[in-house]
Every structure is written in C-alpha cells, then in structure tokens.
Amino acid sequence: MSEQEPTVITLDNQNSVQILAQYIEVAQQKGAYLLNEAEILKRGMDVLMNNIHDKEIDTNMAKQLLIQGVNKGQRHGAYTLNDAALLSKVVLFIAQETAPAQVPVQASKPTIPVQVAPEQVQEAPEQVQEVQEQDQEEPEDSDDLSDLAEPIPLKPKEV
C-alpha cells in the first residue's frame, strides 16, 4: 500500500482560515516571524477564529494578514512542495471570497484534490496536511508585518 489516493478537501470560509492558521503555526515553529509579527498574526487569528473584536483589525484585514503570514513562511522555507500547492489554492479561494462580488457565486464549493504521502498523514493536524504556498511575485520585504506596528514618519514641508 505504497500509493495513496489523493485527499479531497472542500474549502469553505471556516476551514480555509483554519488551514492558514495551522500553517502559520508551522512557520512560527520554524522561526519565520519576528515577535511583533507573531503578535499581529495572533490578533488576526483571534478575530477570524474566536470572533474577538479588535479595534484595528477587521475580518478582511485579518484574512490579508494570514495570507501575508503564509507567504512569509514560504519565503523562509517552512513548507514542503505539497504544502505550498495546497496553500496556493487556499489563498486563491480566500482572495476570491474577500473580493467584491461582481460575478454570481457558483452553487457548488470548489474541491481540491491533494496527493499526500502516508508519513504526512500521521504528522498532519486534523484533516489538513502541512502544505506550502507558492511565492507570489512581490518585493522581498513586502510581507514584513512589522511595518504595521511602526509609526509612519512625517516628512517636513518644503518651503
């Protein structure tokens, strides 16, 4: 039984956020984030998963923070290639869900077939295996979440 059938995951708002949160934890364990970045990511997860009210972070911003978090985890090499492929699909799903609806929503939910090695299934939390997200073409520092915690410097007026 060396070959395993692909696992099919049906994405919805709840499990897609859970997948991102799990992989942010994986990246954190591998040292991908600075302390202030981890604090911001934790606040974003609290908003989305625990319905905690945050004056600075709404649900859309929280989703964007989690997406930035998995992108930074990818850049730090925290995920396997299979992990990246799944995370890529999850990020696309969340981006479509948060974008303004201009096209009617389809009745069926998207499914993602993912082939998983048996050793990954044993180590995987819940029904999600560690999966990695592919890099998006952004500048190297664009996923640095620490900028959100720093004040914006004021420029003096020229006379």
(request) Mind telling me which of the residues Lys63, Lys72 ends up being under 21 Å from Gln96 (Cβ atoms) and surrounded by 20 or more Cβ atoms within 10 Å (Cβ to Cβ)? (result) Lys63
(request) Give the range 26-38 a look and list any residue that's in a helix (DSSP H, G or I) and surrounded by fewer than 14 Cβ atoms within 10 Å (Cβ to Cβ), or say none. (result) Gln29, Leu35
(request) Assess whether Gly77 counts as being buried (at least 21 other Cβ atoms within 10 Å of the Cβ) and either of a type outside the set (Lys, Arg) or part of a loop (DSSP other than H, G, I, E, B) (or both). (result) no
(request) Can you give me the number of residues within the range 8-41 that are hydrophobic (A, V, I, L, M, F, W, C), under 21 Å from Leu92 (Cβ atoms) and either touching a Cys at 6+ places or on another chain (Cβ under 7 Å) or without any contact (Cβ under 8 Å) to a residue 24 or more places away in the chain (or both)? (result) 0
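Tell me the residue from Gln4, Gln14, Gln96 that is loosely packed, with under 14 Cβ neighbours inside 10 Å, in contact with a helix residue (DSSP H, G or I) (Cβ under 8 Å, 6 or more places away or on another chain), modelled with pLDDT under 90 and not basic (Lys, Arg), please. Step through it out loud before you land on a result.
Values: Gln14 fails: in contact with a helix residue (DSSP H, G or I) (Cβ under 8 Å, 6 or more places away or on another chain); Gln96 fails: in contact with a helix residue (DSSP H, G or I) (Cβ under 8 Å, 6 or more places away or on another chain).
It is Gln4.
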(request) Determine the pairs where a residue that is of a type in the set (A, V, I, L, M, F, W, C), located within the range 42-67, has a partner that is surrounded by 15 or more Cβ atoms within 10 Å (Cβ to Cβ) and not in a helix (DSSP H, G or I) with Cβ atoms under 8 Å apart, the partner being 6 or more residues away or on another chain. (result) Val47/Ile57; Leu65/Ile57
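The values are calculated or read from the model by the stated rules, or taken from the named source; none is laboratory data. For clarity, every value in this text was computed on a predicted model and none was experimentally measured. Note that each Cβ is placed from the backbone with ideal geometry, even for glycine, and that neighbours are counted across all protein chains shown.
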